[in-house]
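Below you'll find the structure, written out as structure tokens, and then a few comments.
The numbers here are math on the coordinates, done by the rules we state, and not lab data. The model shown is predicted, which means the values in this text are computed figures rather than measured ones. As a convention, Cβ positions derive from the backbone with ideal geometry for all residues, glycine included, and neighbour counts pool all protein chains shown.
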Amino acid sequence: MSHESSQPPVARPHRVVVIVDENSNPFELGCAIEVFGLPRPELGRELYDFRLCSPEPRTLMRDGFYTLTGVADLDAAEEADTLIVPNRPDIEVPRRPALLDAVRRAHGRGARLVGFCSGAFTLAEAGVLDGRRATAHWRWAEAFRARFPAVRLEEDVLFVDDGDILTSAGSAAALDLGLYLVRRDHGAEVVNAVSRRLVFAAHREGGQRQFIERPVPRVAEDSLARVLAWAQARLDQALTVDDLAAVATVSAATLHRRFRTQLGTTPLAWLTSERVALACRLIERGEPSLELVAHRCGIGTAAHLRTLMRRHTGLSPSEYRRRFSS
């Protein structure tokens, strides 16, 4: 008689592979490592299986800042569930054929593709963006359109989610897109834990503007921190812009300008995002009543909650519960 265990094999975590090529940007590589590559003992589980690979044994990073060695070769890309492609400042230099072939093969077998900053050029050069939506750093938008007219470039947004291909704008937007993917993969509770460790906002809408104007240095009195904390503690209440302005002791128009300057969004849009984020956390924690969730988040009704969750997460509350509830 066989005494083999009937326990199913433990599935490996989602595998994220980053291809690093000559003159790649260190900042975006660091973002990928911070979001996907670090162990998360505070969560009690491994979120991702993270690997770096390169076409060459030694890779000189941007402007010769340092040389990367000791990483896997391009064969590692063949096992990626998510493949992050190289991004470089020399956008006119063609990518290596072997690298582009690896991107095409990953796309052909259904891997998720991600391009940070100028990574959209790599994806477009591989031919996987034709007819698709994408974004890139604002300074290269004109050059991108000229080279890849078949791609539907969206300027002045932080990132674009086109299903199995996602792209982000200038450097710091790599963190926004990375955290967005963690939220999509693991839910609001996990992404909040990751963002706290990063000391970075857990969620900014992809459609926010790339370039947040800061014409003069802000003084301490202009900080929104006190207003944001006050509002976050009262999301179950019917807050208005006038309420927030009163706490900040400024006019509604001045508050609106400060939100635009410091957060790149409006007070009402920020409030809605915070309400939806709270709703996601409550659903993940097992709250069964959508009406109660809607009430505790200040959203009003379950019907309105369903509309907002679909708009912000792409999932209905029931779908979100099935995917992320503990």
Given the candidates L38, A188, A98, the one whose Cα lies deepest towards the positive end of the charge dipole of the stretch 14-196, counting +1 at each Lys or Arg C-beta and -1 at each Asp or Glu C-beta, is A188
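Size of the dipole of the stretch 14-196 about the Cα centre, Lys and Arg at +1 and Asp and Glu at -1 on the beta carbon, nothing else charged, in debye to 20?
Details: 22 positive and 29 negative charges, 30 e Å.
Its charge dipole is roughly 140 debye.
What order, most packed first, do the peptides 65-72, 170-177 have when packing is the mean number of other Cβ atoms within 10 Å of each residue?
Most protected by this proxy first, the peptides run 170-177, 65-72.
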Relative contact order in percent for the chain (Cα pairs under 8 Å, 6+ apart) equals 11 percent
One quarter of the C-alpha convex hull surface, i.e. the mean projected area of the stretch 8-79 in nm², amounts to 5.7 nm²
Percent of all alpha-carbon pairs of the chain at distances over 37 Å, whole number, is 23 percent
For the stretch 14-196, the charge dipole (Cβ of Lys, Arg +1; Cβ of Asp, Glu -1; about the Cα centre) points to a positive end, and the Cα of F116, A77, G163 closest to that extreme belongs to G163
Check: C-alpha center the stretch 61-135 vs C-alpha center the stretch 247-268, spacing in Å is 39 Å
Taking R0 as 22 Å and r as the Cβ-Cβ distance between H304 and D161, the FRET efficiency 1/(1 + (r/R0)^6), rounded to the nearest 0.05, comes to 0.45
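Per-residue counts of other Cβ atoms within 10 Å, averaged by peptide: what ranking do you get for 124-130, 240-246, highest first?
124-130, 240-246
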The Cα radius of gyration of the stretch 58-126, divided by 2.2 N^0.38 Å with N its residue count, comes to 1.11
The stretch 14-196: Kirkwood hydrodynamic radius (Cα pairs, Å) comes out at 16.2 Å
For the stretch 18-70, averaging the sequence separation of alpha carbon pairs under 8 Å that lie six or more residues apart and dividing by its residue count, the contact order in percent is 45 percent
Those helices of the chain passing the 24 Å axial Cα length cut-off and the mean Kyte-Doolittle cut-off of 0.5 (DSSP H runs only) are 267-284
